[in-house]
Structure formats: structure tokens, C-alpha cells
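These notes concern the structure reproduced below.
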Amino acid sequence: MRRGLIARSLTELPDAVFDARLKRVREAMQRAQLDALIVYTNNTRPAGVSWLAGFVPYWSEALLVVPREGATYLVAALSFRVKSWIERVSRLGEVLHTPRIGLKAAQQIAAVKSDAAVGIVDFDGLAAGIAADLYEGGPSLILCDASAMFAELRGKADPAEVALAQKAAEIAHRALAAAPGETLNAKIATVESAARDLGAEEAYIAAAPDLEKDSRFFRVEGEAVLGKTFALRATVAYKGTWVRLVRSFCERQVAQQAAEQFAQAVAQLPDDSSFSGFRSWLVEGCRMAQPLDPLIGSRFGAAHAPKPGALVSVQGVLEVNGRQVPVGAPALLGDKGEAASLLVDPLFD
């Protein structure tokens with residue numbers, strides 16, 4: 001369950017932003033001859049619906065239905081008592097409440113056109129029960145996977161999305177900069193508290209407590225002993241946009257060299273050849289519903305290479321003077337041959 005404040009800002013996300021996104025989606029639906037599009041959301045897969053309608057669930061699940069003509073509507077498993085809140089934070093034509101969201105969504109679509117062609121974003125990732133209800137509610141509907149179409153639309157960030165990512169990055173940077181405390185748990189608590197005070201709707205803090213032993217990040221359970229060098233990573237969400245930022249606590253000379261190598265490698269993206277000197281690296285970004293989906297990296301190749309103009313979060317581990325140094329920050333990939341740029345610099349001590 002999400003714990004931060006979720007509220008809509010008409011300044012940061014005016015109606016015109018959603019109208020422009022829906023226009024692009026409907027143009028793609030027209031080309032694909034789709035009568036409707038369905039996008040699933042829950043608290044771990046909020047990114048598709050938040051991009052189109054601004055809705056981010058605290059818990060439970062819902063389906064956003066985008067007809068090729070007419071207003072979008074949300075079919076939510078949430079109770080009617082949160083209807084007014086959903087309407088306040090979202091850009092929707094209607095909110096329908098039912099425990100069987102697939103059944104209701106299919107019935108609504110079939111009532112307009114019984115044999116409508118319906119594209120489903122991330123169809124393979126949809127729960128089997130919801131898929132079965134879609135078939136039951138609209139037995140003559142033609143259901144197909146619209147993942148590739150939607151991923152293409154999400155490939156390049158629009159100005160509003162870039163601005164939200166910049167805000168999220170600034171929150172993460174300020175929160176990680178405020179990490180006093182003698183113990184690792186005290187540092188983590190300070191970072192998370194600072195992120196939430198700065199407006200994060202969610203914040204997850206992970207740690208690599210002793211870089212001489214292991215450079216991998218994990219959520220700390222109980223007490224962990226700090227090594228001479230260690231690192232913290234903040235994953236922050238703001239208005240549906242997520243970023244990751246790393247702070248490494250190590251020698252200044254080592255940190256400076258790591259920062260330079262990292263910036264040089266990021267600047268070349270989506271060309272990943274500059275990461276060849278890294279022990280490991282990963283580029284994440286939003287393709288469909290997951291806010292930080294693995295795109296390319298040292299462990300699985302170029303499965304989903306990001307496009308020019310994409311927003312991504314980049315992480316890596318460098319070895320400098322025999323020391324392992326985690327690095328990581330959000331970046332905007334260059335468009336029209338421009339170099340990619342970091343939204344904020346990684347933090348080092």
C-alpha cells in the first residue's frame with residue numbers, strides 16, 4: 001500500500017497534457033483498427049493509467065478503458081466511498097465500482113459494439129482471473145495485445161513528464177543529502193522522512209552496507225553494520241513518475257573518478273558501449289505499466305533499448321583503485337543526435 005499524499009496539480013498536469021496524450025493514443029488505435037484500449041493498474045503497476053488519466057491507486061486494482069471515441073472511464077475494485085477522491089485526482093469521464101473489473105469493463109465495451117476490437121496493454125501480464133472475466137463479459141469481443149503500440153507511444157517523454165522526473169530527482173537528491181545518524185537505520189529513516197516531507201508520494205530506500213563485501217542494494221531488515229565504504233539508493237515517486245538516485249560514501253578521489261566515468265557513459269545512451277568498463281550496469285524506464293522496467297543492462301543485453309528522448313534511471317558499479325563504487329541517477333536521453341544528460345548528479349562522500 002502506498003503511504004504518501006496523492007493529489008493532482010493542475011499546474012503540473014493540466015487537462016491539456018492528458019488531452020494531447022489521449023489524442024496520440026487514439027490516433028494509434030485508429031491505425032491499429034482498435035475500438036477500445038484497456039490499461040491495468042495497481043499499486044505496483046501504476047504507470048500506464050497515471051500517464052493517461054493521472055490516477056495512482058493506494059491499493060487494490062482497476063482497468064482504464066479508452067474508447068476510440070468518447071470519454072475514458074475507470075473500472076475500479078475500490079469501494080464507492082473513494083469515488084469522489086478518484087474524481088479529484090484524475091482526468092476521467094466516469095468511475096465505475098465493482099469487484100470483477102474485467103467482467104464490467106467487457107460488458108461496457110460490448111454494450112456499444114458487441115464485436116469490438118479491444119487492445120490490452122501488457123496482455124501477458126494481466127491476471128488470469130481478469131482475462132477470464134473479459135472473455136465472459138464480452139464473448140464476441142476481439143481481444144489482442146496492444147503492448148508494442150503502447151510502448152512506442154511511451155518511448156519519448158513529453159515536457160510535463162520531464163518536469164515531473166526533474167522534481168522527483170530533486171526530491172531524491174535533497175533527501176539523500178540529508179543522511180546524518182550513527183547507524184544505517186538512522187540514515188535510512190532520515191532520508192525517507194526527508195523525501196516524504198518534500199512531497200514524494202512514495203519513497204523506498206535501499207542500502208549496500210559494506211562495499212568491500214558486496215555492492216548490491218537491498219531493503220534493510222533489522223540492524224546492519226556499516227563498513228568503511230557504503231551506499232544508499234533512493235527510489236522516489238512524484239505524481240506518478242519514478243526515479244532512482246544513488247549516494248556512495250567513499251574516498252573523494254575515488255568518487256570523482258567514478259562520477260566522471262558514469263557521466264561519460266550515460267551521455268552515449270542509447271549506445272551502451274561506454275559501459276564496457278563497468279562491473280555491472282542497468283538502465284530502467286517505463287514501457288507500459290511498471291514505472292521502472294529493466295530496459296538494457298549487463299545481465300540481459302539490449303532487450304528493450306530505450307529511444308531518443310526517453311526518461312531513464314541508470315545504475316552501475318565501477319571499480320576504481322580496487323574499490324567498488326555504485327553510481328546511479330535519472331537521465332534524459334538526447335534527441336536528434338544530442339547527448340543524454342543527467343537530471344541530477346549522483347551524490348558522493
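Scan the range 244-291 for residues that are basic (Lys, Arg) and buried (at least 16 other Cβ atoms within 10 Å of the Cβ) and jot them down. Once the filter is applied, which keeps residues that are basic (Lys, Arg) and buried (at least 16 other Cβ atoms within 10 Å of the Cβ), the range 244-291 yields ARG244, ARG247, ARG287.
Contact map, the range 300-326: residues that are under 30 Å from ALA160 (Cα atoms) paired with residues that are outside any strand (DSSP E or B) and modelled with pLDDT under 90, Cβ distance under 6 Å, separation 6+ or inter-chain. Pairs shown: PRO308/ASP335; GLY309/ASP335.
Per the listing ALA16, ALA28, ALA20, the residue uniquely under 22 Å from TYR238 (Cβ atoms), part of a helix (DSSP H, G or I), in contact (Cβ under 8 Å) with a residue 60 or more places away in the chain and among the small types (Gly, Ala, Ser) is ALA20. Pairs linking a residue in the range 149-178 that is more than 21 Å from ALA28 (Cβ to Cβ) to a residue that is charged (D, E, K, R) and surrounded by 18 or more Cβ atoms within 10 Å (Cβ to Cβ), with Cβ atoms under 6 Å and 6 or more positions apart or on different chains, are LEU164/LYS239; LEU176/ARG247. Within the range 233-251, the residues that satisfy the criterion of being touching a helix residue (DSSP H, G or I) at 6+ places or on another chain (Cβ under 6 Å) and among the hydrophobic types (A, V, I, L, M, F, W, C) are ALA234, VAL236, VAL243, LEU245. Given the structure, is VAL56 closer than 25 Å to ALA200 by Cα, among the β-branched types (Val, Ile, Thr) and in contact with a Pro (Cβ under 8 Å, 6 or more places away or on another chain)? Yes, satisfied.
Here the condition is being touching a Lys or Arg at 6+ places or on another chain (Cβ under 9 Å) and either aliphatic (A, V, I, L, M) or closer than 24 Å to VAL325 by Cβ (or both); of SER147, SER215, it holds for SER215 alone. For the range 174-197, the condition of being farther than 13 Å from ALA237 by Cα, out of contact with any Asp or Glu (no Cβ under 9 Å at 6 or more places or on another chain) and assigned to a strand (DSSP E or B) holds for none of the residues.
For the range 67-85, taking the residues that are small (Gly, Ala, Ser) and not in a helix (DSSP H, G or I), the one that is nearest to GLY129 (Cα to Cα) is identified as ALA77.
The set of residues from the range 302-317 being modelled with pLDDT of 95 or more and of a type in the set (A, V, I, L, M, F, W, C) comprises ALA310, LEU311, VAL312, VAL314, VAL317.
Going by the structure shown, is ALA157 in contact with a strand residue (DSSP E or B) (Cβ under 9 Å, 6 or more places away or on another chain), among the hydrophobic types (A, V, I, L, M, F, W, C) and either assigned to a helix (DSSP H, G or I) or more than 24 Å from HIS304 (Cβ to Cβ) (or both)? Judged against the criteria, ALA157 is not a match. Listed by first and then second residue, the pairs linking a residue in the range 203-224 that is touching a residue at least 24 places away in the same chain (Cβ under 8 Å) and at negative phi to a residue that is crowded, with 20+ Cβ neighbours inside 10 Å and assigned to a loop (DSSP other than H, G, I, E, B), with Cβ atoms under 6 Å apart and 6 or more places separating them unless they lie on different chains, are ALA206/PHE217; ALA208/SER215; ALA208/PHE217; LEU211/THR229.
Among the residues of the range 14-40, those that are over 16 Å from GLY119 (Cβ atoms) and either within 17 Å of the chain's Cα centre (by Cα) or buried (at least 16 other Cβ atoms within 10 Å of the Cβ) (or both) comprise VAL17, PHE18.
Of the residues making up the range 86-105, those that are touching a strand residue (DSSP E or B) at 6+ places or on another chain (Cβ under 8 Å), under 25 Å from GLY129 (Cα atoms) and either assigned to a helix (DSSP H, G or I) or touching a residue at least 40 places away in the same chain (Cβ under 8 Å) (or both) are ILE86, ILE101, GLY102, LYS104, ALA105. State which residue is surrounded by the fewest Cβ atoms within 10 Å (Cβ to Cβ) when the search covers only the range 71-85 and only residues that are farther than 15 Å from SER9 by Cα and without any contact (Cβ under 8 Å) to a residue 24 or more places away in the chain. Ranking the qualifying residues of the range 71-85, first place goes to ARG81.
The values are calculated or read from the model by the stated rules, or taken from the named source; none is laboratory data. Note that the structure is predicted; figures quoted are calculated from it, not measured. Cβ sites come from the backbone with ideal geometry, for glycine too, and all protein chains shown count toward neighbours.
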